[in-house]
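Written out below as structure tokens is the structure these notes cover.
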Amino acid sequence: MRNSDDYDYQYKIVIIGDSGVGKTNIMTQFTRGEFSEETKTTVGVEFANKQLVIDDKIIKAQLWDTAGQERYRAIISSYYKGASGALIVFDITKQSTFDNVDRWMKEIQESTSNDISIILVGNKSDLRHLRQISSDVSSSYASKHKIAFLETSAKDGSNVHQAFNQLINEIHSKN
Ligand code: GDP
Ligand code: MG
């Protein structure tokens, strides 16, 4: 018998992107199936774990939510330390959050030495009528940078599991 804390591989995944794009809700939707309409400012760094099985191996994904990391630049290097993967999140209804994706890409490149897997996530796909960034534009950006891309909704849950599964499978294929 294996107990519930047992795992074969553990991967650290950081969730980054501008404030308000839905990082915290993407994490709670994935780990607990929960969504909240209110914005709660994340304080410090928040963690959540999720186990999944790939090829009969138990994978423990340790998710790091960038609480106010948007503001507390001093913690950057410890935040990225040991990360195997990153979700870069933007809001498809807010152009500036997509324009800043370049900044987040740069920050990852400057803060990690290892071969980190990245997925670009356009969140709030339920708000299609307010869309400011077409999926063509985001998907060409992603191909140009050789990273994966998916649109999600933390609200209705659309593609949230797929985004993490795709990222974790890519990380696992390198190990
Ligand atoms: P964070 O600052 O990146 O962690 O963003 P939050 O997860 O706190 O979300 C910011 C706001 O956007 C909150 O009011 C959420 O309810 C809302 N939100 C997050 N994801 C979605 C989504 O997929 N669809 C919609 N309609 N609202 C969302
Ligand atoms: Mg947050």
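The values are calculated or read from the model by the stated rules, or taken from the named source; none is laboratory data. As the structure is a prediction and not an experimental result, all values here were calculated from the model. Ideal geometry is used to build each Cβ from the backbone, glycine not excepted, and the neighbour counts take in all protein chains shown. Note: areas computed on protein heavy atoms with side chains; ligands, DNA, RNA excluded. Shrake-Rupley method; radii C 1.70, N 1.55, O 1.52, S 1.80 Å.
Only one entry of Ile133, Ile118 meets the criterion of being among the hydrophobic types (A, V, I, L, M, F, W, C), open to solvent by 10 Å² or more (accessible area, probe 1.4 Å), in contact with a Gly (Cβ under 9 Å, 6 or more places away or on another chain) and modelled with pLDDT of 95 or more, and that entry is Ile118. Would you confirm, using the coordinates I've provided, whether Asn165 is assigned to a helix (DSSP H, G or I) and farther than 24 Å from Glu37 by Cα? For Asn165, the condition - assigned to a helix (DSSP H, G or I) and farther than 24 Å from Glu37 by Cα - is met. Candidates in the range 150-164 are the residues that are in contact with a Leu (Cβ under 7 Å, 6 or more places away or on another chain) and open to solvent by 40 Å² or more (accessible area, probe 1.4 Å); of these, the one that is nearest to Ser84 (Cα to Cα) is Gln162. The residues of the range 121-130 that are part of a helix (DSSP H, G or I) and either crowded, with 20+ Cβ neighbours inside 10 Å or basic (Lys, Arg) (or both), listed by number, are Ser125, Arg128.
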